[in-house]
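Down below is the structure, laid out as structure tokens.
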Amino acid sequence: MTLVLTIALAKGRVLSPTLKLLSDAGFAPSEDALKTRRLIFPDVKEDVRYLLAKPVDVPTYVEHGAADIGIVGKDVLYEAQADVHELIDLQYGVCRLVVAGFKGTDVQSVRKVATKYPHFAKEYFGGLGRQIEIIDLNGSVELAPLIGLSDCIVDVVETGQTLKENGLMPLAEVAQVSTRLVVNRRSYQLRAAEVDAVVKSVQSALTKGALA
């Protein structure tokens, strides 16, 4: 029996544009991924199946071979430090990763940083020659400066409205991130033709979309 390729899709804000891209690339998931409670389901047209997962888990599934291909944000991918092939910048889900805090906060004097992105934070402040204390949070990191837990935060910003409503503002840009297509290293070697077919279909859809 031929094994189908498994594509891990990140739930959340990038799922809708991911589904549109897959449709443009000629794929047809058998379930409405935005509504279904099923976590694994096949494609109607192509010999692939889909795995719906929390974004933070997608790099892990791909690295360990539970999925051959994954579609997930660069912010999540970088923090996971997963050993995967990053093949395509899909150019959507674009947002900024910023240092944010109260107006007048001197980034050069920051000592404590609350974030769910410790690797990004350490790299940024390390580049400034600063040794900082990282406070790992997974919820509303904006709360940390408000209660004195940290001097600032490092977080993803789209509109900046949440920061503004909590009296915070962007102080410096750490990086711009977007959605990426990644591949399991073993799949990239042993199932090169199948993986390449998916990659080419996605790249073609991106090109047509950019020219439209």
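Which condition does Ala33 not pass, out of (1) touching a residue at least 60 places away in the same chain (Cβ under 8 Å); (2) closer than 21 Å to Tyr92 by Cβ; (3) outside any helix (DSSP H, G or I), if it passes all the others?
With respect to (1) touching a residue at least 60 places away in the same chain (Cβ under 8 Å); (2) closer than 21 Å to Tyr92 by Cβ; (3) outside any helix (DSSP H, G or I), Ala33 is out only on (1).
Cβ-Cβ under 8 Å, sequence separation 6+ or interchain: first residue in the range 183-198 and under 12 Å from Leu3 (Cβ atoms), partner hydrophobic (A, V, I, L, M, F, W, C) and part of a helix (DSSP H, G or I). Which pairs?
Pairs found: Ser187/Val195.
Quick check on my filter: what residues within the range 173-205 are surrounded by fewer than 17 Cβ atoms within 10 Å (Cβ to Cβ) and in a strand (DSSP E or B)?
Hits for the range 173-205 are Glu173, Gln176.
Which residue, of Gly209, Gly148, Gly139, Gly167, is within 24 Å of Ala10 (Cβ to Cβ) and in a loop (DSSP other than H, G, I, E, B)?
Gly139
Determine whether Arg130 is closer than 25 Å to Pro55 by Cα and of a type in the set (Lys, Arg).
no
Return the residues of the range 119-136 that are in contact (Cβ under 8 Å) with a residue 24 or more places away in the chain and either touching a strand residue (DSSP E or B) at 6+ places or on another chain (Cβ under 7 Å) or in a strand (DSSP E or B) (or both); say none if nothing qualifies.
Across the range 119-136, the qualifying residues are Phe120, Ala121, Tyr124.
Return yes when Phe102 is among the aromatic types (Phe, Trp, Tyr) and in contact (Cβ under 8 Å) with a residue 60 or more places away in the chain and no when it is not.
yes
For the range 114-169: of the residues being exposed (fewer than 14 other Cβ atoms within 10 Å of the Cβ) and among the β-branched types (Val, Ile, Thr), which is farthest from Gly104 (Cα to Cα)?
Thr159
Taken together, the values in this text are just the output of simple stated rules run on the coordinates, not laboratory data. Quick caveat, the model's predicted, so the values are computed rather than measured. No Cβ is skipped: glycine too gets one built from the backbone with ideal geometry, and neighbour counts run over all protein chains shown.
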